[in-house]
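One structure below.
The values are calculated or read from the model by the stated rules, or taken from the named source; none is laboratory data. In this text, all values refer to a predicted model and were calculated from it rather than measured experimentally. All Cβ positions, even for glycine, are placed from backbone atoms using ideal geometry, and neighbour counts span all protein chains on display. In case anyone asks, the SASA skips ligands and DNA or RNA and just uses the protein heavy atoms, side chains included. Shrake-Rupley method; radii C 1.70, N 1.55, O 1.52, S 1.80 Å.
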6 protein chains.
Amino acid sequence: MNWHIANPNTGQAMSDLLVTTLTHRFPALDIEVTTSPCGPASLEGHADEALAVPGLLTRIIEAEHHHPGCRGHVIACFGDPGIAAAREVARRPVIGMAEAAMASARLIGERFSIITTLARTVPLARRLVREYGHAQHCGGIHASGINVLDLDSDSAFQRVLEDSEQLLSADQSDVLILGCAGMAPWAPGLQERLGRPVVDGVSAGLQLLVHLDQLDLSPAKQHDRALPIDKPVIGPHSHLYARLHEDTRS
Amino acid sequence: MNWHIANPNTGQAMSDLLVTTLTHRFPALDIEVTTSPCGPASLEGHADEALAVPGLLTRIIEAEHHHPGCRGHVIACFGDPGIAAAREVARRPVIGMAEAAMASARLIGERFSIITTLARTVPLARRLVREYGHAQHCGGIHASGINVLDLDSDSAFQRVLEDSEQLLSADQSDVLILGCAGMAPWAPGLQERLGRPVVDGVSAGLQLLVHLDQLDLSPAKQHDRALPIDKPVIGPHSHLYARLHEDTRS
Amino acid sequence: MNWHIANPNTGQAMSDLLVTTLTHRFPALDIEVTTSPCGPASLEGHADEALAVPGLLTRIIEAEHHHPGCRGHVIACFGDPGIAAAREVARRPVIGMAEAAMASARLIGERFSIITTLARTVPLARRLVREYGHAQHCGGIHASGINVLDLDSDSAFQRVLEDSEQLLSADQSDVLILGCAGMAPWAPGLQERLGRPVVDGVSAGLQLLVHLDQLDLSPAKQHDRALPIDKPVIGPHSHLYARLHEDTRS
Amino acid sequence: MNWHIANPNTGQAMSDLLVTTLTHRFPALDIEVTTSPCGPASLEGHADEALAVPGLLTRIIEAEHHHPGCRGHVIACFGDPGIAAAREVARRPVIGMAEAAMASARLIGERFSIITTLARTVPLARRLVREYGHAQHCGGIHASGINVLDLDSDSAFQRVLEDSEQLLSADQSDVLILGCAGMAPWAPGLQERLGRPVVDGVSAGLQLLVHLDQLDLSPAKQHDRALPIDKPVIGPHSHLYARLHEDTRS
Amino acid sequence: MNWHIANPNTGQAMSDLLVTTLTHRFPALDIEVTTSPCGPASLEGHADEALAVPGLLTRIIEAEHHHPGCRGHVIACFGDPGIAAAREVARRPVIGMAEAAMASARLIGERFSIITTLARTVPLARRLVREYGHAQHCGGIHASGINVLDLDSDSAFQRVLEDSEQLLSADQSDVLILGCAGMAPWAPGLQERLGRPVVDGVSAGLQLLVHLDQLDLSPAKQHDRALPIDKPVIGPHSHLYARLHEDTRS
Amino acid sequence: MNWHIANPNTGQAMSDLLVTTLTHRFPALDIEVTTSPCGPASLEGHADEALAVPGLLTRIIEAEHHHPGCRGHVIACFGDPGIAAAREVARRPVIGMAEAAMASARLIGERFSIITTLARTVPLARRLVREYGHAQHCGGIHASGINVLDLDSDSAFQRVLEDSEQLLSADQSDVLILGCAGMAPWAPGLQERLGRPVVDGVSAGLQLLVHLDQLDLSPAKQHDRALPIDKPVIGPHSHLYARLHEDTRS
């Protein structure tokens, strides 16, 4: 494994979808998709994300522990859950799919719009747009009203296609960002039909890892990105920091 | 219990400190301080916070489940860990101590400065200042260099006092915010010595809960504050949503 | 008098309305509502506010002079007229009703919308939203088209109720803020009908004073909040600073 | 009178200074400097400004009432006190000296610094810089520590000269803005000695009035700039709106 | 020539239009309008602007070289092409027509709207609004859909008139800004028909030059406004810096 | 040629340096570095950039015309001169080295600092930081005081190394960005000595092109990125648009 795609939910179907999509799209890359060992089956809100993060951290630490060749991690959920925490525990780069999608969109258009799943995820995306500094370049954030677990259907694709045509025009936007990892397979098809660039953040995150690797850029490990201090941790993740610092000592 | 102070770390000493401080300061209030059942002994970074949040959510759900009289929750850690998630699972108001401290400071001064523990927490506070909309009114954020677990000493108090005098003057700030729950007991003493308002966010958060209660204001439970969708959750917190929705049905 | 509600206009009817509303809502608090001794009968613009402020400052200084037990002041007009000046002359906290409403709304929802009286007050509210740092969280500001002096009718309530339902939905907002002191009595009724939190800033300001008092937080009296310099003042308010500094000397 | 310079304080010496300075500098313009009929002798804080504004509004209304040829008004105090209110009551343009200074400075340099009188005026200037949209181009705001009434001395000039040299360099600023009407006479001398552009806002405001006049641009009189609604006003300024609307009817 | 209006495109018709408009509007001013010696016939995009700028710089340098009495330059194209470069090569003030229009609009209204030519110029105007610090005061930017070269017709005027009425109302804007030099002749007529202030940036830029001149304010010539370093330049503009520095030496 | 590195100045030495650096660093990529056919020998200001852009556009158009395999363009100058214009004329992605450096730095650290050449370039970099949305994450921008053409020396390297150590610490920054293409060869050496990530924007831009290519993302060609309108162009670049549209037709 060189490239670790961390699916932070516990839905194996999503991981399988990502394996299929990414290995087909990037056959030369040694990719592994992990599924979170604990937490919700899909992430559609702050609490879902919060419950998912410890499992995500576990998978990231394991990936670096068991695979010395691991070159970096993508968080394959549009809310970029736990990204700051993941950056503390990882020695290699960690990239969020929302972050990757927005950074990539800005390179190919002046304004982007985002289409997400349920309306409740819109405020989460709004916050990320601000945090990543793209507020001036975001034309709009729109919910398709489709549940993550219902994305896998032709009618869902058709609905997102129709919505996207309208919203890109109304927002005067150049680029469409797919606001859910489950939409990753749609990017080429939507792009062809819409005649506009369509960004899937999982692919974008993966390629940004390759980018950093080519540049020989490793993350700063200081300030709020330094390894967590080794301290007593109670409960199901009590082993996490110990393993982390064990790696450091060895 | 009317007022729930959720200590999101697993350090019982911090909880005891808060009980002593708050019951002495607000004897008329029926306060309960809970300690997180799992996670790190102290929170000094993003990963610490991430591991702490599931335990925090548990305590919040339990508080509302077991104490129908529970009027609200304070997150007693300056990073306001898990605040958005807590607002999803709680029916009653949730207030973060950083949020409360900054909102209160703005009412009594034009500019505030923050003193935190370790340097690694400074970027976390910087992010909160931006998120809460106070960037124009924050004179500076400074690390005392003192570890959370070492706060309980006279020399620590003395050092923070001296640092604060200097930084308030250099920042042209009117108000000092204490950037750690462990500094809560110091507020009156520092305020007297400095001759300037000093805000402890735990006390501020508690009183803002009372404030909301007096106004009969309950949280909006929609958009990204609606209850989490009831879905399968794997692992140590698999019961959480079930209990939450059970409450709803009953 | 412990809590001073300063109605900055000269309309006695508004003061009576506030007395009735607040004493009914907060029977345990020793509240006094004062009416400005000079200025316009209602405040619906910048000039109205400017003419009202000297009278407001007079009432604030008198309240502290004659009532040593005075714990703080609310400016009961949504434009928060003269708030900075009031903070210079007062030794106790001064809170504006717009400031209080917005700070409270942010604790219980991600986005708020404001409903005001006449269209000419919308730009004033827009400016306050920016100044207080809430631009990212304000869904919209809307005029009901109702004159302050015409608020006291069932049809006015009905109209605001209908408008509010629509605008909250269009703005994707969680909380409604009432943009006029004259709407204060409506808060509970609107909240019940809308099924969303509705914030009256006068009540919110009053409770924030209690909040600061419980925290033993007095305002910073330095920089632009220091007492005005004692200097010659000509005309109707020539006595104001003298009285203020007399209090200081005694 | 074509051009009305409204000195909003009651210090006749300041008005005399402005008459001398402006008539010498712009001999072709028919200028009148008025002194406020009521309020403080100098303006060095929010309360000073608030007490000064009704007198300022009076002078502005009188100027348009008695002088049909009046082409516009400058508020000759760096805090731009009452500018929004003045814009409501005036039919002709009103320009604040701070607003004029900053707008002019931006045309001749990338960054400006401001030197004011007492430290307590610094937060006022900071707020204006934000409000007028120049936060990204303001290198710094500095107090000279000199009281308005003590500006008229060689040592004051010398001190400001020395301070300015240092602060322009430290701020990497291109332009110096004089943060008090009382510094107006210094602009040419300072500019010569510093070798950098130095902006006096009173002169700048006057010339911006000429600018608008040449362009035949009259103020929008709608939204929050419409004439105040004619309504009962109690006390010393009870006549103000009546006169204003009398003008309208005639 | 005292006042240099630099038409940065190579369309002589536009220059003629500006001569006619400006000399009629400001008969007392000694104005010269130059046409760029090279570049596109009209400027409707970034590349158009980029190709136009070297010719613009040439005209600016020539104006100062041949006309010692030249007091300043207006860039007569709404994108303010090359303004930063022009400010390096010029010793006298340079003002962009968009910059001038926005600064003037802010003096007479709280919010402005812009009407431009083709839709492709809207993002350019959006960027300028941000850069000049007016984002909070811009109600909207709208394309009329009319090509620059087709502006000279009654139907074009009529269409812009109708669009403007609608958009000012929808944007809640007080002032209309004409987003193309070719609309300059329309300002008085539109203003009369709309009953709202209408700003032509070429006239505004010209009068702001007069304004600076009256104030004896010359541009800072340091930091990024210092003369370009004299260095080898290859190609059609190889003589430009040499001439510039020759002027300096002499 | 797959990857076009456009050196926008006419200094062949800089191009040679980039060829050496990039082919050594990325031997598998088919890179071509072009030198601008006209303009200044180095770019250290706005006018330098303005004179360079037409040559840059020429090289970009030629690259796509003569090399159907051309996959994209990097503008190898830290000011990102002409980036918006280049994006209009290019059908393939164009990336600026400053844009690339900042986007990459944000992926591996919370805050970055920039070191440039001469002080006059600092305001240019400041503007880019704002435009690209990174103002909240830029710790500082610093001039080394070294002229572009003097970069090629051991003493220059040593001086930048020493400066960088200091400024990263003072700015509390995690990442160093090299603010000049001429510093490209230093990145690995500085990174090793500083123990912190050091970003060369030319390499970063090149790899971001690869990134976009892997994602099959082509630029939006609409709004302000649509091909320039085919119109008469006078002078040395009169052929540019014709060639461009000839390509379209064929």
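State whether the residues of the stretch F:20-38 include one that is over 18 Å from F:Gly179 (Cα atoms), within 13 Å of chain E (Cβ to nearest Cβ) and not in a loop (DSSP other than H, G, I, E, B). Yes, some residue in the stretch F:20-38 is over 18 Å from F:Gly179 (Cα atoms), within 13 Å of chain E (Cβ to nearest Cβ) and not in a loop (DSSP other than H, G, I, E, B).
Got at least one residue in the stretch A:13-29 being under 30 Å from B:Lys221 (Cα atoms) and either open to solvent by 20 Å² or more (accessible area, probe 1.4 Å) or at pLDDT 95 or above (or both)? Yes, because at least one residue in the stretch A:13-29 is under 30 Å from B:Lys221 (Cα atoms) and either open to solvent by 20 Å² or more (accessible area, probe 1.4 Å) or at pLDDT 95 or above (or both). Of all residues in the stretch A:194-250, those that are of a type in the set (Val, Ile, Thr) and under 27 Å from F:Thr21 (Cα atoms) total 1.
Comparison of F:His211, F:His237 shows that the only residue that is assigned to a helix (DSSP H, G or I) and either out of contact with any strand residue (DSSP E or B) (no Cβ under 7 Å at 6 or more places or on another chain) or outside the structural domain of F:Ile108 (by TED's automatic domain parsing) (or both) is F:His211.
Considering B:Leu227, B:Leu194, B:Leu190, the condition of being among the aliphatic types (A, V, I, L, M) and within 14 Å of chain A (Cβ to nearest Cβ) is satisfied by B:Leu227 alone.
Annotation note: Cβ proximity below 8 Å between a residue of the stretch F:4-24 that is closer than 17 Å to F:Val94 by Cα and a residue that is at pLDDT 95 or above and open to solvent by 60 Å² or more (accessible area, probe 1.4 Å) (sequence gap 6+ or interchain) occurs for F:His4/F:Glu32; F:Ile5/F:Glu32. None of A:Arg71, A:Arg59 is in contact with a helix residue (DSSP H, G or I) (Cβ under 8 Å, 6 or more places away or on another chain) and either over 21 Å from A:His4 (Cβ atoms) or assigned by TED's automatic domain parsing to the domain that holds A:Leu215 (or both) except A:Arg71. Across the stretch E:72-91, the number of residues qualifying as in a loop (DSSP other than H, G, I, E, B) and over 24 Å from E:Cys180 (Cα atoms) comes to 1. Among the criteria (1) open to solvent by 10 Å² or more (accessible area, probe 1.4 Å); (2) more than 13 Å from the chain's Cα centre (by Cα); (3) over 14 Å from C:Val33 (Cα atoms); (4) not charged (D, E, K, R), the one C:Gly79 does not fulfil is (2).
Counting the residues of the stretch D:2-12 that are hydroxyl-bearing (Ser, Thr, Tyr) and open to solvent by less than 10 Å² (accessible area, probe 1.4 Å) gives 0. Given the structure, is B:Ile114 outside the structural domain of B:Ile141 (by TED's automatic domain parsing) and surrounded by 22 or more Cβ atoms within 10 Å (Cβ to Cβ)? So B:Ile114 fails the test. Scanning the stretch E:169-189 for residues that are surrounded by fewer than 24 Cβ atoms within 10 Å (Cβ to Cβ) and within 20 Å of D:Arg225 (Cβ to Cβ) yields a total of 4.
One residue is enough: does the stretch F:91-100 have a residue meeting the conditions more than 17 Å from the chain's Cα centre (by Cα), open to solvent by 30 Å² or more (accessible area, probe 1.4 Å), outside the structural domain of F:Gly11 (by TED's automatic domain parsing) and not acidic (Asp, Glu)? No: the stretch F:91-100 contains no residue that is more than 17 Å from the chain's Cα centre (by Cα), open to solvent by 30 Å² or more (accessible area, probe 1.4 Å), outside the structural domain of F:Gly11 (by TED's automatic domain parsing) and not acidic (Asp, Glu). Quick one: would you say B:Thr58 is part of a helix (DSSP H, G or I), under 23 Å from B:Val199 (Cβ atoms), open to solvent by less than 20 Å² (accessible area, probe 1.4 Å) and in contact (Cβ under 8 Å) with a residue 40 or more places away in the chain? No. Run down D:Ser169, D:Ser164 and say which single residue is away from every other protein chain (no Cβ under 11 Å), without any contact (Cβ under 8 Å) to a residue 60 or more places away in the chain and not aliphatic (A, V, I, L, M). Among D:Ser169, D:Ser164, only D:Ser164 is away from every other protein chain (no Cβ under 11 Å), without any contact (Cβ under 8 Å) to a residue 60 or more places away in the chain and not aliphatic (A, V, I, L, M).
For the stretch F:115-128, state whether one or more residues are farther than 26 Å from F:Pro40 by Cβ and at pLDDT 95 or above. Scanning the stretch F:115-128, I find no residue that is farther than 26 Å from F:Pro40 by Cβ and at pLDDT 95 or above, so the answer is no. Go through the residues of the stretch A:203-217 one by one and say whether even a single one is acidic (Asp, Glu), facing another protein chain (nearest Cβ under 9 Å) and within 26 Å of A:Ser155 (Cβ to Cβ). Scanning the stretch A:203-217 turns up no residue that is acidic (Asp, Glu), facing another protein chain (nearest Cβ under 9 Å) and within 26 Å of A:Ser155 (Cβ to Cβ). Has the stretch A:188-207 got at least one residue that is of a type outside the set (Lys, Arg) and touching a His at 6+ places or on another chain (Cβ under 7 Å)? Yes - at least one qualifying residue is present in the stretch A:188-207. Just to be sure, is C:Ile114 closer than 12 Å to C:Val175 by Cβ, out of contact with any Leu (no Cβ under 7 Å at 6 or more places or on another chain) and of a type in the set (A, V, I, L, M, F, W, C)? Yes. Among the residues of the stretch C:82-118, those that are within 7 Å of another protein chain (Cβ to nearest Cβ) and out of contact with any Ser or Thr (no Cβ under 8 Å at 6 or more places or on another chain) comprise C:Gly82, C:Ala84, C:Ala85, C:Glu88, C:Val89, C:Ile95, C:Ala103, C:Ser104, C:Leu107, C:Glu110.
Here C:Pro68 fulfils each of the conditions (1) away from every other protein chain (no Cβ under 13 Å); (2) part of a loop (DSSP other than H, G, I, E, B); (3) touching a Ser or Thr at 6+ places or on another chain (Cβ under 9 Å); (4) open to solvent by 30 Å² or more (accessible area, probe 1.4 Å) apart from (3). Checked against (1) closer than 20 Å to D:Phe26 by Cβ; (2) at pLDDT below 95, D:Asp152 passes all but a single condition, namely (1).
Within the stretch E:214-234, track down each residue that is in a loop (DSSP other than H, G, I, E, B) and open to solvent by less than 10 Å² (accessible area, probe 1.4 Å). Of everything in the stretch E:214-234, those that are in a loop (DSSP other than H, G, I, E, B) and open to solvent by less than 10 Å² (accessible area, probe 1.4 Å) turn out to be E:Leu217, E:Ala220, E:Pro228.
On the stretch given as the stretch E:108-128, residues that are without any contact (Cβ under 8 Å) to a residue 40 or more places away in the chain and in contact with a helix residue (DSSP H, G or I) (Cβ under 6 Å, 6 or more places away or on another chain) total 1. Taking residues in the stretch F:93-105 that are closer than 19 Å to F:Val175 by Cα, and partners anywhere that are buried (at least 24 other Cβ atoms within 10 Å of the Cβ) and of a type in the set (Phe, Trp, Tyr), the pairs with Cβ atoms closer than 6 Å and at least 6 places apart or on different chains are F:Met97/F:Phe78; F:Ala98/F:Phe78; F:Ala105/F:Phe112.
Scanning the stretch D:119-144 for residues that are among the hydrophobic types (A, V, I, L, M, F, W, C) and either open to solvent by 10 Å² or more (accessible area, probe 1.4 Å) or facing another protein chain (nearest Cβ under 9 Å) (or both) gives D:Ala119, D:Val122, D:Leu124, D:Leu128, D:Ala135, D:Cys138, D:Ile141, D:Ala143.
If you check F:Gly45 against the conditions, is it more than 7 Å from chain E (Cβ to nearest Cβ), crowded, with 24+ Cβ neighbours inside 10 Å and touching a residue at least 24 places away in the same chain (Cβ under 8 Å)? In short, no.
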